[in-house]
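Data block below; observations after.
The values are calculated or read from the model by the stated rules, or taken from the named source; none is laboratory data. Because the structure is predicted, anything quoted here is derived from the model rather than measured. Reconstructed Cβ throughout: ideal geometry from the backbone, glycine too, with neighbour counts over all protein chains shown. Ligands, DNA and RNA are excluded from the accessible area calculation, which covers all protein heavy atoms including side chains. Shrake-Rupley method; radii C 1.70, N 1.55, O 1.52, S 1.80 Å.
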Amino acid sequence: MKILVTGFDPFGGEKVNPALEAVKLLPSEIQGAELRWAEIPTVFHKSSEVLESEIKRYQPDVVLCIGQAGGRASLTPERVAINQDDARIPDNEGNQPIDTPIRTDGAAAYFSQLPIKAMVQAIKEEGLPATVSNTAGTFVCNHLMYQALYLADKKFPNMRAGFMHIPYMTEQVINKPNTASMNLTDIIRGIEAAIGAIVDYKDKDLKLIGGTTH
């Protein structure tokens, strides 16, 4: 199995992005699966162009995109991506689409093709907080997740794709009182555990409670 793991460059005034810092330090192999990482620009559409180029070059069986969700306290595999860009802030090239479809020929939404419940369970077994997320937002993270699943649907039918958000690194919250964070070593451990679950649960997921009331 070949797995492509992506991480975004810094955005929103941050000097670092824990997603990129983490994926750069992942091992080259987890449970027999070969890993490759790629840096993705935090730019609408350009992000998916870079992703598609990496997919064509590497021909992965799985794509796992990683993104920063500042303020979240746990690692959160995403359940769904919606066909909508609605940017609260500009991306790294000044684009700020409002209520814009990502793909006019795509589905209204795509569900993750990865075992999100098993990923959560594996991360928890590492002693780290994890929950299923039911919204990837409407910024470039949702955009890239949607695009990855669109590509799996339209161009790369033998590939599975999904997305996981991670918290700020501890260094990022020094001047952000009462803001959740996680140290980089634990973020990496959590991503590794999630990838292990992806390897173990190729065609199924665990039947565990992962929903919320609101």
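Sub-6 Å Cβ pairs linking a first residue in the stretch 66-88 that is in contact (Cβ under 8 Å) with a residue 12 or more places away in the chain and open to solvent by 10 Å² or more (accessible area, probe 1.4 Å) to a second residue that is among the aliphatic types (A, V, I, L, M) and assigned to a strand (DSSP E or B), at least 6 apart or interchain, are S74/A130; V80/A109; I82/A109, ordered by first then second residue. Here D186 passes the criteria (1) more than 23 Å from G70 (Cβ to Cβ); (2) in a helix (DSSP H, G or I) except the one numbered (1). The condition of being open to solvent by 70 Å² or more (accessible area, probe 1.4 Å), touching a strand residue (DSSP E or B) at 6+ places or on another chain (Cβ under 9 Å), free of Cβ contacts under 8 Å to residues at least 60 places away in the same chain and of a type outside the set (S, T, Y) does not hold for E49. For the stretch 97-119, the set of residues classified as part of a loop (DSSP other than H, G, I, E, B) and in contact with a strand residue (DSSP E or B) (Cβ under 9 Å, 6 or more places away or on another chain) consists of P97, I98, D99, P101, I102, A108, S112, Q113, L114, P115, listed by residue number. Of the residues making up the stretch 16-34, those that are more than 12 Å from I188 (Cβ to Cβ) and either small (G, A, S) or in contact with a helix residue (DSSP H, G or I) (Cβ under 8 Å, 6 or more places away or on another chain) (or both) number 5.
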